[in-house]
Amino acid sequence: MLHVIAFERLAVAVSDLYFVDPNPVPGQEGAERGVRLELRLAEAGDLVGSIYSARPITVDRPVWRCDLLESVEHPGSFDRTHHHPRFRGWEPCPRVFVPELSADPLGWLTAQLGDPAALVTEAGVVDEVPADDLEALAEAAPEIVAVVERLLHGIAAGKLARPPATVGAAERISWL
């Protein structure tokens, strides 16, 4: 399931995720599942037709990512929860584990989204995001976190982030 909230230039994309890394670092072996949230740059296209036509919308490259993940063997543990403060093009920087993020994922996420200027500054895209978007994102933080919480409940209930019928050595089932 994919949720997108877009402002003028910044968008938040949130999806459930089932993932098996084909080359895990030691201690990160096995399937993981959870919620992935990305800050992405977005663009509203020009009308393609009359004033009543649909408008193309592009949710483009990611600039920051938060993965509220847990190993499938340890549900509810948030033992794989991390974030990626920067991207190089489409590739994220290595996983950054923060004890506060695993201890209180929704509280940590709320605090981060409440200070979007710090996120886009660390991501190196502060010049690409209008100040109004930063204010709008901070105001929308509770709504965004509520979406994340609903997805986490769906995962715990076995309705989301489900494995494929046959799990291979590498899997990624998600919009993000």
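Quick notes
- In nm, spacing of pseudo-spin labels at residue 104 and residue 135 (7 Å Cα→C-beta vector): 2.8
- For the chain, the longest site-free run once GluC sites (Glu not before Pro) in DSSP loop states with at most 16 other Cβ atoms within 10 Å are removed: 74-176
- Structure-based [θ]222 nm, the chain - -39500 (n - 2.57) summed over DSSP H runs of at least 4, per residue, nearest 500: -8500 deg cm²/dmol
- Inter-part distance where segment 5-19 and segment 152-175 are each reduced to a Cα centre, Å: 18
- Compactness of the chain is given as radius of gyration and Dmax, 16.7, 56 Å, from Cα positions.
- Considered as an equivalent ellipsoid built on the Cα gyration tensor, segment 1-45 has semi-axes of 29, 11, 7 Å, the largest given first.
- Each of 98, 168, 114 was scored by the projection of its Cα onto the charge dipole of segment 41-176, and the greatest displacement toward the positive side belongs to 168; charges sit on the C-beta of Lys, Arg, Asp and Glu.
- In a DSSP loop and with at most 14 other Cβ atoms within 10 Å, the chymotrypsin sites (Phe, Trp or Tyr not before Pro) in segment 51-105 are 52, 90, 97.
- Distance in nm between pseudo-label sites at residue 53 and residue 128 (7 Å out along the Cβ direction from Cα): 2.7
- Calculated log₁₀ intensity ratio I(q)/I(0) where the Debye formula runs over C-alpha points of segment 113-176, q = 0.23 Å⁻¹: -0.93
- For residue 146 and residue 96, the difference between the fully extended length at 0.36 nm per residue and the C-alpha to C-alpha distance is 15.7 nm.
- In nm, spacing of pseudo-spin labels at residue 1 and residue 43 (7 Å Cα→C-beta vector): 3.1
- Multiplying the residue separation of residue 111 and residue 162 by 0.36 nm and subtracting their alpha-carbon distance yields 15.5 nm.
- Tensor-based shape of segment 53-99 (alpha-carbon gyration tensor, a/c under 1.5 rounded, otherwise prolate or oblate): oblate
- Charged-residue dipole, Cβ positions (Lys, Arg, Asp, Glu), segment 1-110 about Cα centre, Debye nearest 20: 380
Here, each number is a calculation from the coordinates, and none is a lab measurement. Keep in mind that what you see is a predicted model, and the values were worked out from it rather than measured. FYI the Cβ positions are ideal-geometry reconstructions off the backbone, even for glycines, and counts take in every protein chain you see.
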